[in-house]
Amino acid sequence: MNRMIAVSLALFLAAGSAGAATLNNVGNTPVVLQVAETNGRVDVSLEPGQSQEICPEGCFITLPNGDHVGLTGNETVDIQDSGATVR
C-alpha cells in the first residue's frame, strides 16, 4: 500500500491543474471522505448513488478505510464501502 501512496504522490506533484476530480459513491451506504487541499481540509459526504466534483487544483483524500489517495484533478473515483477505484 505504501507504494501506491508514493506513486499517487508522485503523480500529484508532477501534474498540473487539469479540471475537477469526480467522486462517485457506487456502494449501498453513505460515505464520508476527508479532502485536503492547499486551503485546508473538509469532509465530503456522499449518499449512495451521489456524485460530486472536487479538487480542481489537486488534493489528497482520505477514504473511510484510512487509505490516502492523491488526486491531480482529472480522475474519476468510484467509492464502494470503504475502498475506492481511481480511473
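Derivation of every value follows stated rules applied to the coordinates shown; laboratory data play no part. Just so it is clear, the structure is predicted and the values come from calculations on it, not from any experiment. Positions of Cβ are generated from backbone atoms using ideal geometry, with glycine treated the same way; all protein chains shown enter the neighbour counts.
Cα centroid distance between the stretch 22-61 and the stretch 65-86, in Å?
9
To the nearest 20 debye, what charge dipole does the stretch 24-78 have about its Cα centre, counting +1 at the Cβ of each Lys and Arg and -1 at the Cβ of each Asp and Glu?
Dipole of the stretch 24-78, to the nearest 20 debye: 100 debye.
Each residue of the stretch 21-36 in order: what ³J(HN,Hα) in whole Hz does its phi give by Karplus 6.51 cos²θ - 1.76 cosθ + 1.60, θ = phi - 60°, with x for Gly and Pro?
Residue by residue, the stretch 21-36 yields 7, 10, 9, 10, 8, 9, x, 9, 10, x, 10, 10, 10, 9, 10, 10 Hz.
At residue 62 and residue 42, where each label point lies 7 Å from the Cα along Cα→Cβ, what is the point-to-point distance in nanometres?
For the pair residue 62/residue 42, the computed spacing is 1.7 nm.
What does the charge add up to near residue 85, with Lys and Arg as +1, Asp and Glu as -1, over the other residues with Cβ less than 14 Å from its Cβ?
Details: positive: 87; negative: 67, 75, 78, 81.
So the environment of residue 85 carries a net charge of -3.
From the phi angles alone, apply the Karplus equation (6.51, -1.76, 1.60; θ = phi - 60°) to the stretch 65-75 and give each ³J(HN,Hα) in whole Hz, x where the residue is Gly or Pro.
Karplus-based 3J(HN,Hα) across the stretch 65-75 equals 7, x, 5, 10, 10, x, 10, 8, x, 10, 8 Hz.
Go ahead and run the numbers for FRET between residue 28 and residue 76, Cβ-Cβ distance against an R0 of 25 Å, rounding to 0.05.
Details: r = 19 Å, r/R0 = 0.77.
So, using R0 = 25 Å, E works out to roughly 0.85.
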